[in-house]
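A short write-up of the structure that comes next.
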Amino acid sequence: MTVDLPALEQTAPPGAPGRWSRYARPVLGLVLPIALALGWELVVSLGYSNGRLVPPPSKVFETIVELAKSGELSRHILATLWRVGAGFALGVVAGTIMGAISGYWDFAKRLLDPTVQALRAIPSLAWVPLFVLWLGIFETSKVALIAVGVFFPIYLGVMGAILSVDRKIVEVGRVFRLSGPAMIRRILLPAVLPAYVVALRVGLGLGWMFVVAAELIGASEGLGYLLLDGQQLGKPAQILAAIVIFAILGKLTDWLIEVAAAPLLRWQDAFGARGGQ
């Protein structure tokens with residue numbers, strides 16, 4: 001009597017399909033925005049809308065080119081990048097340290113977490129007059145406001161990731177008599193890293209959101225200032241140009257975090273790590 005064994009799944013050989021999917025995914029992500037832009041351009045060109053309040057993409061692109069030729073665009077972009085970068089760095093350091101302390105030490109969590117959660121509920125614009133009073137209207141107050149926005153998701157992400165570490169893994173480390181630093185390096189850090197990367201991406205997104213509020217504090221340059229200037233002068237194309245640049249810069253910086261974290265997460269055997277296959 002013979003038993004027919006199920007055939008093993010054949011894995012696709014490395015080659016063209018893998019390379020194609022690597023390039024196809026970014027292209028696929030551009031389909032929706034390009035389709036929306038072309039659709040609105042067609043609506044305006046056919047006369048269904050005058051495009052006064054919502055200019056067509058061609059007008060927005062023309063505005064971006066004009067700003068680039070005059071040198072204003074690079075000045076505004078560099079000012080905003082500096083503020084977001086400095087605020088993001090400060091927020092990440094503070095959020096990581098406090099989140100790690102609250103997640104690892106139960107007494108610190110009971111002491112700090114209620115206050116942090118209460119502060120997290122304060123709207124971003126509510127911090128503006130306080131920071132202006134404390135720090136003035138120059139760069140310090142702007143960077144501090146962005147750091148506040150970045151701090152909370154980093155803090156929550158780190159604390160939640162540590163608290164969700166599987167107790168069995170920690171017990172294995174204790175069985176092997178790992179020291180405190182070794183336990184953190186070999187057990188906690190790998191377990192926390194995926195959630196930490198997500199927290200970094202969320203914090204960066206909030207940093208880009210908070211920079212607009214920050215650049216309302218007496219700024220004379222920056223993309224937020226470009227938005228406000230477009231509103232005051234009645235230039236919807238300039239407003240949309242600033243929004244488009246915000247979106248591009250936000251996506252690029254988010255992609256940089258993904259690329260930087262990818263080598264550290266290769267050990268993951270998760271569903272999403274292989275494109276849902």
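The values are calculated or read from the model by the stated rules, or taken from the named source; none is laboratory data. The structure displayed is predicted, hence computed values, not measured ones. For neighbour counting, all protein chains shown are included, and Cβ atoms are generated from backbone atoms with ideal geometry for every residue, glycine included. Heavy atoms of the whole protein, side chains included, go into the accessibility calculation; ligands, DNA and RNA do not. Shrake-Rupley method; radii C 1.70, N 1.55, O 1.52, S 1.80 Å.
Spin-label model, SER45/GLN231: points 7 Å from Cα along the beta carbon direction are separated by 3.3 nm. All alpha carbon pair distances within region 18-112 were sorted into 5 Å bins beginning at 0; the resulting P(r) in whole percents reads 2, 10, 9, 9, 9, 13, 13, 10, 8, 7, 6, 2, 1, 0. Once the chain from VAL93 to SER220 is taken as fully extended at 0.36 nm per residue, the excess over their C-alpha distance is 42.9 nm. In a fully extended conformation the segment linking LEU178 and LEU133 would gain 11.3 nm over its present Cα-Cα distance, using 0.36 nm per residue.
A value for Rg and Dmax of the Cα atoms in Å was derived from the coordinates, and within the list (i) 24.1, 88; (ii) 21.3, 68; (iii) 18.4, 54 it appears as (i).
Before rounding to the nearest 500, sum -39500 (n - 2.57) across all DSSP H runs of length at least 4 in the chain and divide by the residue total; then give [θ] at 222 nm in deg cm²/dmol.
Details: 11 runs with 204 residues, N = 277.
Per the formula, -25000 deg cm²/dmol.
Principal-axis analysis of the Cα atoms of the chain puts helix 124-135 at an angle of about 80° to the longest axis.
Rank PHE107, PHE176 by accessible area, highest first, at a 1.4 Å probe radius?
So the residues, ranked largest to smallest area, are PHE176, PHE107.
Using DSSP loop states and a limit of at most 13 other Cβ atoms within 10 Å to flag trypsin sites (Lys or Arg not before Pro), what is the longest stretch of the chain containing no flagged site? The segment 53-176 is the longest one with no such site.
Axis of helix 189-214 versus longest Cα principal axis of the chain: the two differ by about 10°, to the nearest ten degrees. The slack between LEU252 and ALA35, meaning 0.36 nm per residue of separation minus the straight C-alpha distance, is 76.1 nm. Every Cα-Cα pair in region 110-253 was counted, and those over 20 Å apart are 61% of them. The ellipsoid equivalent to the alpha-carbon distribution of region 91-166 has semi-axes of 27, 12, 10 angstrom, derived from the gyration tensor eigenvalues as √(5λ) and listed largest first. These residues, ILE64, ILE146, go from largest to smallest accessible area, 1.4 Å probe, as ILE64, ILE146.
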